[in-house]
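Everything on this sheet refers to the single structure shown next.
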Amino acid sequence: GENVEQHPSTLSVQEGDSAVIKCTYSDSASNYFPWYKQELGKRPQLIIDIRSNVGEKKDQRIAVTLNKTAKHFSLHITETQPEDSAVYFCAATPQGGGADGLTFGKGTHLIIQP
Amino acid sequence: NAGVTQTPKFRILKIGQSMTLQCTQDMNHNYMYWYRQDPGMGLKLIYYSVGAGITDKGEVPNGYNVSRSTTEDFPLRLELAAPSQTSVYFCASTASSYEQYFGPGTRLTVT
């Protein structure tokens, strides 16, 4: 089945700096790669996603890049703010299509230092 | 439009007891999922359903059962609860098999 590795497990950055979180996946048939933000005690919330026919997608301060050949994708947050502090999860569809559910990475705890 | 709702919010079970976690969505989504999240970890897929009457196992199905008699409801049954089932359980749904909408979760402790 699909395996998703996520790094780093903890990331501390100064407010205003950029943060980058990286994920790799194993199943070349995967075609949907979402990123979720989870605050303590809350449900995961989708912040951005990308499909395999696109190399990059941006939404204000957040961007995701996908390299299908290398089977890795990354989340970029620019001009970080205190409210960006949370745990971020990447995910991939195990066999393409998404109907079978998502395989998640183990998460990155992002800490924004004032 | 309430989205995905789950009950109960919290539950403490004794070893060997059984319970059903309820999940309901009012978005007419065909696809529904159950995940568990252990402390400090990502979510793992327990079971999923692509429509009423159809269910299938995910990555960690042992000790659980599901049913899908209607489009709206997707209950998760725990039989003979074990301490290893202590976790937070999230239900999710989607219309397109892409963006998944998560419920608020059920925090379960088995002692």
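Can you list the strands (runs of 3 or more DSSP E) lying wholly within the stretch B:35-109 that have 1 or more residues being surrounded by fewer than 16 Cβ atoms within 10 Å (Cβ to Cβ) and out of contact with any strand residue (DSSP E or B) (no Cβ under 9 Å at 6 or more places or on another chain)? So that I can check it myself, show each step before the final result.
Working: elements: B:43-51, B:54-57, B:64-66, B:76-78, B:87-94.
Where strands (runs of 3 or more DSSP E) fall fully within the stretch B:35-109 and carry at least 1 residues being surrounded by fewer than 16 Cβ atoms within 10 Å (Cβ to Cβ) and out of contact with any strand residue (DSSP E or B) (no Cβ under 9 Å at 6 or more places or on another chain), they are B:54-57.
Cβ-Cβ under 7 Å, sequence separation 6+ or interchain: first residue in the stretch B:35-58 and within 7 Å of chain A (Cβ to nearest Cβ) and free of Cβ contacts under 8 Å to residues at least 60 places away in the same chain, partner open to solvent by 30 Å² or more (accessible area, probe 1.4 Å) and of a type in the set (S, T, N, Q). Which pairs?
B:Val50/B:Asn30
Just to be sure before I move on: is B:Met32 open to solvent by less than 60 Å² (accessible area, probe 1.4 Å) and farther than 27 Å from A:Lys37 by Cβ in the structure I sent? Even if it seems obvious, please write down each step before you answer.
Details: open to solvent by less than 60 Å² (accessible area, probe 1.4 Å): yes; farther than 27 Å from A:Lys37 by Cβ: no.
For B:Met32, the condition - open to solvent by less than 60 Å² (accessible area, probe 1.4 Å) and farther than 27 Å from A:Lys37 by Cβ - is not met.
Spot the failing condition for A:Glu56; the list is (1) touching an Asp or Glu at 6+ places or on another chain (Cβ under 9 Å); (2) free of Cβ contacts under 8 Å to residues at least 60 places away in the same chain; (3) among the acidic types (Asp, Glu), and only one is missed.
(1)
Given the residues A:Glu15, A:Glu39, which is the only one that is touching a helix residue (DSSP H, G or I) at 6+ places or on another chain (Cβ under 8 Å) and at pLDDT 95 or above? Show your work before the answer.
Numbers: A:Glu39 fails: touching a helix residue (DSSP H, G or I) at 6+ places or on another chain (Cβ under 8 Å).
Checking each option against the conditions leaves just A:Glu15.
Going by what's in this entry, would A:Asp27 be described as more than 10 Å from chain B (Cβ to nearest Cβ), under 25 Å from B:Pro61 (Cβ atoms), among the acidic types (Asp, Glu) and in contact (Cβ under 8 Å) with a residue 12 or more places away in the chain? Before the answer, list the steps.
Working: more than 10 Å from chain B (Cβ to nearest Cβ): yes; under 25 Å from B:Pro61 (Cβ atoms): yes; among the acidic types (Asp, Glu): yes; in contact (Cβ under 8 Å) with a residue 12 or more places away in the chain: yes.
Considered against the rule, which asks whether it is more than 10 Å from chain B (Cβ to nearest Cβ), under 25 Å from B:Pro61 (Cβ atoms), among the acidic types (Asp, Glu) and in contact (Cβ under 8 Å) with a residue 12 or more places away in the chain, A:Asp27 comes out as yes.
Take the residues in the stretch A:42-53 that are assigned to a loop (DSSP other than H, G, I, E, B) and open to solvent by less than 60 Å² (accessible area, probe 1.4 Å), then tell me which one is farthest from the other protein chains (Cβ to nearest Cβ). Lay out the reasoning, then the answer.
Within the stretch A:42-53, the subset assigned to a loop (DSSP other than H, G, I, E, B) is A:42-44, A:52-53.
Then keep just the ones that are open to solvent by less than 60 Å² (accessible area, probe 1.4 Å); that gives A:44, A:52.
On the way: A:Pro44: 5, A:Ser52: 12 Å.
So, considering only residues that are assigned to a loop (DSSP other than H, G, I, E, B) and open to solvent by less than 60 Å² (accessible area, probe 1.4 Å), the one farthest from the other protein chains (Cβ to nearest Cβ) is A:Ser52.
If you go through the stretch A:9-30 one residue at a time, do you hit one that is among the polar types (S, T, N, Q), assigned to a loop (DSSP other than H, G, I, E, B), over 10 Å from the mean Cα position of the chain (by Cα) and closer than 17 Å to A:Leu110 by Cα?
So far as the stretch A:9-30 goes, yes, one or more of its residues are among the polar types (S, T, N, Q), assigned to a loop (DSSP other than H, G, I, E, B), over 10 Å from the mean Cα position of the chain (by Cα) and closer than 17 Å to A:Leu110 by Cα.
Pull up the stretch A:30-41, narrow it to residues that are of a type outside the set (A, V, I, L, M, F, W, C) and open to solvent by 50 Å² or more (accessible area, probe 1.4 Å), then point me to the one that is nearest to the other protein chains (Cβ to nearest Cβ). Steps first, please.
Residues of the stretch A:30-41 of a type outside the set (A, V, I, L, M, F, W, C): A:30-32, A:34, A:36-39, A:41.
With the extra rule that they be open to solvent by 50 Å² or more (accessible area, probe 1.4 Å), the set shrinks to A:39, A:41.
Working: A:Glu39: 12, A:Gly41: 9 Å.
Applying the filter and picking the extreme gives A:Gly41.
Using the structure shown, decide if B:Met27 is more than 11 Å from the chain's Cα centre (by Cα), open to solvent by 40 Å² or more (accessible area, probe 1.4 Å) and free of Cβ contacts under 8 Å to residues at least 24 places away in the same chain. Break it down stepwise before answering.
Working: more than 11 Å from the chain's Cα centre (by Cα): yes; open to solvent by 40 Å² or more (accessible area, probe 1.4 Å): yes; free of Cβ contacts under 8 Å to residues at least 24 places away in the same chain: no.
Against the criterion (more than 11 Å from the chain's Cα centre (by Cα), open to solvent by 40 Å² or more (accessible area, probe 1.4 Å) and free of Cβ contacts under 8 Å to residues at least 24 places away in the same chain), B:Met27 does not qualify.
Going through the stretch A:70-99 one residue at a time, which ones are at pLDDT 95 or above and polar (S, T, N, Q)?
A:Ser74, A:Thr78, A:Thr80, A:Gln81, A:Ser85
List the strands (runs of 3 or more DSSP E) that sit entirely inside the stretch A:64-114 and contain at least 2 residues that are at the interface with chain B (Cβ under 9 Å from one of its Cβ atoms) and under 26 Å from B:Lys57 (Cα atoms).
Values: elements: A:72-77, A:86-92, A:108-113.
Those strands (runs of 3 or more DSSP E) span A:86-92.
The values are calculated or read from the model by the stated rules, or taken from the named source; none is laboratory data. For clarity, every value in this text was computed on a predicted model and none was experimentally measured. All Cβ positions, glycine included, derive from the backbone under ideal geometry; neighbour counts span all protein chains shown. These area figures cover heavy atoms from the full protein model, side chains too; ligands, DNA and RNA do not enter into them. Shrake-Rupley method; radii C 1.70, N 1.55, O 1.52, S 1.80 Å.
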